[in-house]
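Here's the structure we're looking at; comments come further down.
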Amino acid sequence: METTVQWLKRYCPTKLDPERIAELLTMSGTEVEESAAHSRTGDTALKLEITSNRTDCYGVLGLARELSALTGEAFEPPALDYETLSTPAADVSGVTLECPDLCPVYTLQVIRGVQVGPSPQWLLDLFEALAEVKNIRPVNNVVDITNFVMLEMAQPLHAFDAAKMAERRIVVRRAQPGESFVAIDGSRYEFVPPEKRNGTSPEGGGEYVWDPDICVIADAQRPQCLGGVMGGLDSEITEVTTDVLLESAYFEPLNNRATSRMLNLHSDSSYRFSRGVDPAGVVAASRRAARLIAEICGGEVYEGVIQAGDVTAEPWTVPFRHAALKRTLGIDVEPERAVEYLTRLGLELPKDAVKLAKKEPQKPVEVTVPTYRRDLTREIDLVEEVGRLVGYGEVPTDTGMRATATGRRKRERVFDLVRERLVAAGYHETISDSFVPVTDVYRHSPWKAGGHVSVVNPVVTGQGLLRPSMLASLLGLRRFNQNHGQLSGVRLFELGRVFAQHAAGSKPTSPAQETTVLALTTDGAEAWRDAKGVVDSLCEALQVAVRYEPVEFAHFAPGLAAQALLEVDGGTQRLAVIGEASEEVRNSFDLQTPCALAELHLDRLAEAAELHRTYRDLPRYPGITRELALIIPEAVTWQELSRTIRDHGGAWLRTLTYLDEYRGKQIPKGKKQYTLEMFFQSPERSLTSDEVNQQLDTLLQQVRQANGAELRT
């Protein structure tokens, strides 16, 4: 950002010299990088480094407000009133807004009878002094006024020659394929999709560009301006211009930045729009420019401002406790002083704020924040504002800070245990990208609550989706290992977040619902069992009871997938999905060997985990193992059979282990054999074989009745 000392003093009439002004601004966080005195005008130009959160200081008014707060001098903003014609502007022009997602609000003023010529001497002197630190040149009085107001109010403007605009109206829309545009710097752009380009460059020079979200400002026939980036050559203001259409708008910052980067076309306007302008300043800047055009260029302004669309421009409140100053800064700041500093910055506090701060410093008051300070959203932000104005030099460096020892949270302890178990099992932790391609294999999720979360401007072309699951990402890492010669023995896991919209049908840009999950992949002959064993191991270590059921999921082969269910408040929640990658999924990643995958909901696991251990004596008496082969109907699942066995196995049944499943000539058609192992043990005495056999007889009667099972002899 660039300004001059005299320009600042126009709105904050201080008597301080340029060196002191530069020092005050720098020490308050708005660093003056360079200053240069201009010999002829006697003014001093300043070049400042403005952080991206202080968009209000991209204008001289914002800097003058800072200087006013630092010095206590009055802040005197420019007047915005002017006389207008009795004819409404809407009678002679109009605006059609077709893309409110790219340009939420667009305003237009119409000015007639303008005499285009050189700017007045005071404006030329200002630009001449400013040229010491900024490459700026006068063009003509109308264009110079729009540039002046942009630098003054941090709100870019654009002026069209009304006579060159078809039907003298504005259409704000997306660029259409087949159109072309010539920027004011002479650069030519053809809006043609890649599949329809038949050469390396457009006929007549220029370059091909296309994106469905390029915003253009058009007349009734063709584009005349790249919205928020640069004006067009065909409608620029020249010495023959008499009627002006004055634009002031709010363009969506992320899309504006993406368009500017894609076209490699940067300007003072795009610099400000891409960082976000003050919505409440859109009309104010337009009125400021209209007043100057009427005053300097002899124009007459039609009544009213034509506006299409709207954008929220309401102040908000932030709770603020005076006690937070002492706790954070380490110094005592008198309530009167703190309230005065916040008020100087344009913030509003209750009338009794000082009285309340003295009586109950821990009680918060609601501070109203103006729209131009969008960086102030938390109490700590207000504390920092007071600290800046008090002066960081007054904050002692030897102030002690009270520290309280705290233990690690349950969630952190669970995550650490998960990592330890997986590393001990031979797995390697990975970190993959949260942005994934918008393809079917990446779109499936076992946790999706709503729609997918799209990225407006992907960092990497083609990766425009926030991952709804990490399974596909791990398959991509398997492919990476395979391509580097590691065909087997690849055991990977990742802890991270996956994303979904809060509800089905939400807009693609709505806030995302985040879920923390564990994903893992392994290979080998027993890959499926290996993955399930890891889930079982984690649940056992965290004392979480689950049951398994078959499940169908897009990444898994049919019949080789299960879900682990967690009992919660009389219902169930899915804790994990486990399965073998289907052949179709492996082919999509060019994987040569079978592999298994699992994804576990870590948020649910951490909530259900029991980390407190109770001591229990080691078994003092030997146990008895029995292995059985049961023939059961094909429709009966292991889950159903094991539930019956556990319910009726008696108090001595300690473990039940699945060993094998068999079908063959010896097994009747429509049935299958489950081989299982049971371990019986008493904590009080040694069991006899007769006691265990008697318990087995009772158990076999129950599984025969409940599951149609017969003992194979």
Determine if the range 1-13 includes at least one residue that is farther than 15 Å from Phe75 by Cα and part of a loop (DSSP other than H, G, I, E, B).
-> yes
Can you pull out the residues in the range 138-160 that are part of a helix (DSSP H, G or I), over 34 Å from the mean Cα position of the chain (by Cα) and among the β-branched types (Val, Ile, Thr)?
-> Val142, Val143, Ile145
Considering each residue of the range 316-336, count those that are surrounded by 15 or more Cβ atoms within 10 Å (Cβ to Cβ), closer than 23 Å to Arg374 by Cα and not polar (S, T, N, Q), and give that number.
-> 8
Tell me, which residue of the range 645-696 that is under 26 Å from Asp617 (Cβ atoms) and of a type in the set (S, T, N, Q) is surrounded by the most Cβ atoms within 10 Å (Cβ to Cβ)?
-> Gln695
With the first residue restricted to the range 561-573 and required to be on the phi < 0 side of the Ramachandran plot, and the second required to be among the charged types (D, E, K, R) and in a strand (DSSP E or B), Cβ contacts under 6 Å at 6 or more apart or on different chains are Gln563/Glu549; Gln563/Arg574; Leu565/Arg547
Mind listing just one residue for me: the one in the range 444-471 that is surrounded by 18 or more Cβ atoms within 10 Å (Cβ to Cβ) and not in a loop (DSSP other than H, G, I, E, B) and, of those, modelled with the highest pLDDT?
-> Leu471
Return the residue satisfying two criteria in turn: it lies in the range 360-409 and is surrounded by 13 or more Cβ atoms within 10 Å (Cβ to Cβ), charged (D, E, K, R) and touching a residue at least 40 places away in the same chain (Cβ under 8 Å), and of such residues it is nearest to Thr51 (Cα to Cα).
-> Asp375
Tally the residues that are of a type in the set (Phe, Trp, Tyr) and outside any strand (DSSP E or B), restricting the search to the range 550-607.
-> 2
Some residue of the range 388-407 being assigned to a loop (DSSP other than H, G, I, E, B), in contact with a Phe, Trp or Tyr (Cβ under 6 Å, 6 or more places away or on another chain) and closer than 25 Å to Ala541 by Cβ = no
What is the one condition in (1) assigned to a helix (DSSP H, G or I); (2) of a type outside the set (Ser, Thr, Tyr); (3) buried (at least 17 other Cβ atoms within 10 Å of the Cβ) that Ala163 does not satisfy?
-> (3)
When you go through (1) outside the structural domain of Ile136 (by TED's automatic domain parsing); (2) out of contact with any Cys (no Cβ under 6 Å at 6 or more places or on another chain); (3) at pLDDT 95 or above one by one for Gly42, which number turns out not to apply?
-> (3)
Would you check if Glu640 is under 55 Å from the mean Cα position of the chain (by Cα) and not basic (Lys, Arg)?
-> yes
Are there any pairs with C-beta distances below 7 angstrom linking a residue in the range 509-537 that is closer than 28 Å to His452 by Cα to a residue that is of a type in the set (S, T, N, Q) and at pLDDT 90 or above, with the two at least 6 apart or on different chains, and if so which?
-> Ala531/Thr522
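The values are calculated or read from the model by the stated rules, or taken from the named source; none is laboratory data. No experiment lies behind these values; they were computed from the predicted model shown. For neighbour counting, all protein chains shown are included, and Cβ atoms are generated from backbone atoms with ideal geometry for every residue, glycine included.
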